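Following: one structure in structure tokens, then a few remarks.
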Amino acid sequence: MSVRAERYLAEIGIAVYKRRGFDAQRADAPAEPASVATLLAEPQPAVPSAEAWERLAAEVRACTLCGLHKTRTQTVFGVGRRDAELLVIGEAPGADEDRQGEPFVGRAGQLLNAMLRAIGLPRSEVYIANILKCRPPGNRDPQPDEASLCTPYLSRQIALVKPRAVLAVGRIAAQWLLQTDAPIGRLRGRVFRYGESGTPLVVTYHPAYLLRSPLQKATAWTDLCMVKELLQRRA
Ligand code: URA
């Protein structure tokens, strides 16, 4: 592990213990072909990507498909490199995100940024989006109909970014993307294949959970190492 990574790990409160052979087995574990969600992008006409992004962003800004539009301050579309290798998918905007119009800007976002930096991927290098583009009141869990109505927007973002890997953060995002009710402890630590393109998908704990349960940061670190390893493989 590089000195830089160790520094960041210390920053997010993970004690570094050196172990031989660490993670090699897990990172090489066979991908999961079954039980994979096939939430495909709806067929879109071929348009230049900048135009497609603008069209999508405008649709999201004006969206009234579910009741959440009545209580939102603004929609939270997504942020980052449109050609990112890594797409991070969270659950839904919280109060800070609803106010600022950007995903993961609160305390959980600060931790997410530090976790990404620790694997050499600053926030500016990835793309970050949520399952829901509007804040559920009182930060309640997204309802299935809200997630269903919002997912085509996310699918179009995925189709535009064409990431080499997806990181699903938190139980809600993971269960929705993989269309499973398996507990997050059984979803993390392995590589799924997502969608028709079979993009590798790794699940990890939500940073808000890690803020409450700091002992799990070390486990989340192994998930991030898996992502890093996937990205380092030849395309
Ligand atoms: N939690 C999420 O899942 N997404 C955000 O954007 C903020 C907090």
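Any idea which residue in the stretch 144-160 is least open to solvent (accessible area, probe 1.4 Å), counting only those that are farther than 14 Å from GLU91 by Cα and touching a strand residue (DSSP E or B) at 6+ places or on another chain (Cβ under 8 Å)? Out of the qualifying residues, it is GLN157. In summary, PRO136 fulfils each of the numbered conditions (1) open to solvent by less than 20 Å² (accessible area, probe 1.4 Å); (2) more than 15 Å from the chain's Cα centre (by Cα); (3) of a type outside the set (A, V, I, L, M, F, W, C); (4) within 10 Å of the ligand (Cβ to nearest atom) with the single exception of condition (4).
Within the stretch 158-182, take every residue that is of a type in the set (S, T, N, Q) and on the phi < 0 side of the Ramachandran plot and give me the one that is farthest from the chain's Cα centre (by Cα). Among them, the one singled out is THR180. Of the residues that make up the stretch 168-176, is at least one open to solvent by 10 Å² or more (accessible area, probe 1.4 Å), touching a Cys at 6+ places or on another chain (Cβ under 8 Å), within 14 Å of the ligand (Cβ to nearest atom) and farther than 30 Å from GLU6 by Cα? No, every residue in the stretch 168-176 fails to be open to solvent by 10 Å² or more (accessible area, probe 1.4 Å), touching a Cys at 6+ places or on another chain (Cβ under 8 Å), within 14 Å of the ligand (Cβ to nearest atom) and farther than 30 Å from GLU6 by Cα.
Scanning the stretch 92-114 for residues that are of a type outside the set (Val, Ile, Thr), open to solvent by 20 Å² or more (accessible area, probe 1.4 Å) and in a loop (DSSP other than H, G, I, E, B) returns ALA92, GLY101, GLU102.
Each residue in the stretch 191-222 was checked for being in a helix (DSSP H, G or I), hydrophobic (A, V, I, L, M, F, W, C) and open to solvent by less than 20 Å² (accessible area, probe 1.4 Å), and 2 of them qualify. Look at (1) surrounded by 18 or more Cβ atoms within 10 Å (Cβ to Cβ); (2) more than 13 Å from the ligand (Cβ to nearest atom) and you find that GLY120 fails only one, number (1). For ASP83, the conditions (1) in contact with a helix residue (DSSP H, G or I) (Cβ under 9 Å, 6 or more places away or on another chain); (2) away from the ligand (no atom under 16 Å from the Cβ); (3) in a helix (DSSP H, G or I) are fulfilled apart from (3). Whenever a residue of the stretch 83-105 is at pLDDT below 95, it has no partner that is within 6 Å of the ligand (Cβ to nearest atom) and open to solvent by less than 30 Å² (accessible area, probe 1.4 Å) lying with C-beta atoms less than 9 angstrom away and at least six residues away or across chains.
The values are calculated or read from the model by the stated rules, or taken from the named source; none is laboratory data. Since the model is a prediction, treat every value here as computed from it, not as a measurement. So basically every Cβ, Gly included, is an ideal-geometry build from the backbone, and we count neighbours across all protein chains shown. Note: areas computed on protein heavy atoms with side chains; ligands, DNA, RNA excluded. Shrake-Rupley method; radii C 1.70, N 1.55, O 1.52, S 1.80 Å.
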